[in-house]
Amino acid sequence: GAVVSQHPSWVICKSGTSVKIECRSLDFQATTMFWYRQFPKQSLMLMATSNEGSKATYEQGVEKDKFLINHASLTLSTLTVTSAHPEDSSFYICSARDDSRHGKQYFGPGTRLTVT
Amino acid sequence: AQKITQTQPGMFVQEKEAVTLDCTYDTSDPSYGLFWYKQPSSGEMIFLIYQGSYDQQNATEGRYSLNFQKARKSANLVISASQLGDSAMYFCAMRRTGTASKLTFGTGTRLQVTL
């Protein structure tokens with residue numbers, strides 16, 4: 001099946017610093033990628049839709065200046081959490097849509113962010 | 001708006017038995033897709049099976065099958081011959097057809113396979 005990688009798998013950072021998370025589609029091109037956030041024992045919450053070559057579309061309530069998304073190529077999208085705070089600690093999951101396979105959506109392994 | 005409902009927060013099944021995880025949905029879109037994902041404790045979301053709203057037959061992928069009842073708006077996942085490695089969270093999701101559409105997830109069902 002299609003493979004999506006995410007890096008890093010976990011990161012610990014200090015309050016006030018920024019953290020960048022990378023999402024790559026390894027064996028297909030993805031014009032659309034998605035970024036989700038998941039709290040413990042809860043479902044996935046869509047944060048934003050990342051479109052190659054254009055600005056990301058953010059869901060209501062998600063601060064676009066805090067969660068910067070860049071989809072620079074057909075295989076790479078990045079999420080930067082700027083000026084991180086402890087409440088940003090969460091599990092972040094990216095997903096890439098493969099339009100050559102009926103738009104099936106494949107997920108990365110996730111990144112666990114802990115802000116101290 | 002789309003909505004996915006998974007009414008079973010937790011399920012137990014004995015190894016080698018079959019189990020059905022319920023999923024109902026609500027949408028006004030005539031064309032849509034239904035998905036099931038498995039999330040083990042590692043956190044990765046693993047795609048299991050897909051059903052298009054216009055597909056004539058129920059989708060099957062190995063031990064997974066989707067019991068699609070369009071009139072009832074249900075898309076239950078059936079896992080046959082359960083294995084210990086099937087213990088995980090299972091999420092039902094849907095998306096209307098179209099390049100700009102987004103997945104809507106249910107709240108998930110935690111499946112525990114016992115000896």
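Quick note: the coordinates plus some simple rules give every number you see, no bench work behind them. Given the structure is predicted, the values throughout are model-derived calculations rather than measurements. Note: ideal-geometry Cβ built from the backbone for every residue, glycine included; neighbour counts use all protein chains shown.
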Stretch B:THR60-B:GLU15 to full length: gain in nm at 0.36 nm per residue minus the Cα-Cα span? 14.2 nm
Setting aside same-chain residues fewer than 8 positions from B:LYS38, which lysines have a Cα under 29 Å from its Cα? A:LYS20, A:LYS41, A:LYS104, B:LYS3, B:LYS16, B:LYS70, B:LYS73, B:LYS102
Label point 7 Å out from B:THR114 along Cα-to-Cβ: which residues of the stretch B:70-98 have amide N under 18 Å? B:81-89
With viscosity set to 0.890 mPa s at 25 °C, what whole-number translational diffusion coefficient in µm²/s follows for chain B from Stokes-Einstein and a Kirkwood radius over Cα pairs? 173
Give the long-range amide H neighbours of B:ARG110: residues separated by 5 or more places, or on another chain, with amide H under 5 Å away, using H modelled in the peptide plane at 1.01 Å from N. B:GLY10, B:MET11, B:TYR90
Projected area of the protein assembly as shown, taken from the Cα convex hull and averaged over every viewing direction, in nm²? 12.5
Tell me the relative contact order for the stretch B:44-115 as a rounded percent, counting alpha carbon contacts under 8 Å between residues six or more apart. 21
How many nm separate the modelled label positions at B:THR107 and A:THR82, each set 7 Å beyond the Cα in the direction of the Cβ? 3.6
Please arrange B:ARG95, A:ARG101 by counting, for each residue, the other beta carbons lying within 10 Å of its beta carbon, fewest first. A:ARG101, B:ARG95
Sequence gap at least 6, Cα distance under 8 Å: using those rules, report the relative contact order of chain A to the nearest whole percent. 36
How much FRET efficiency would the formula 1/(1 + (r/R0)^6) give for A:ARG112 and B:ARG72, where r is the Cβ-Cβ distance and R0 is 35 Å, rounded to 0.05? 0.35
Just to verify a number: FRET efficiency for A:ILE12 and A:LYS64, C-beta to C-beta distance, R0 = 25 Å, to 0.05? 0.50
Given R₀ = 35 Å, FRET efficiency for A:LYS41-A:LYS20 by Cβ-Cβ distance, to 0.05? 0.80
For chain A, what's the radius of gyration and Dmax over Cα atoms, in angstrom? 13.4, 41
What distance in nm separates the simple spin-label points at B:GLN8 and B:LEU84, each placed 7 Å from Cα in the Cβ direction? 2.2
Length released on extending from A:SER100 to A:VAL3, taking residue separation times 0.36 nm less the Cα-Cα span: 33.5 nm
Computed label-point distance, nm, for sites A:THR31 and B:SER31 using a 7 Å Cα→Cβ extension: 1.5
Based on Cβ point charges of +1 for Lys and Arg and -1 for Asp and Glu, what charge dipole magnitude is obtained for chain B about its Cα centre, in debye rounded to the nearest 20? 280
Electrostatic dipole magnitude of the protein assembly as shown [Cβ: Lys, Arg +1; Asp, Glu -1; Cα centre; debye, to 20]: 200
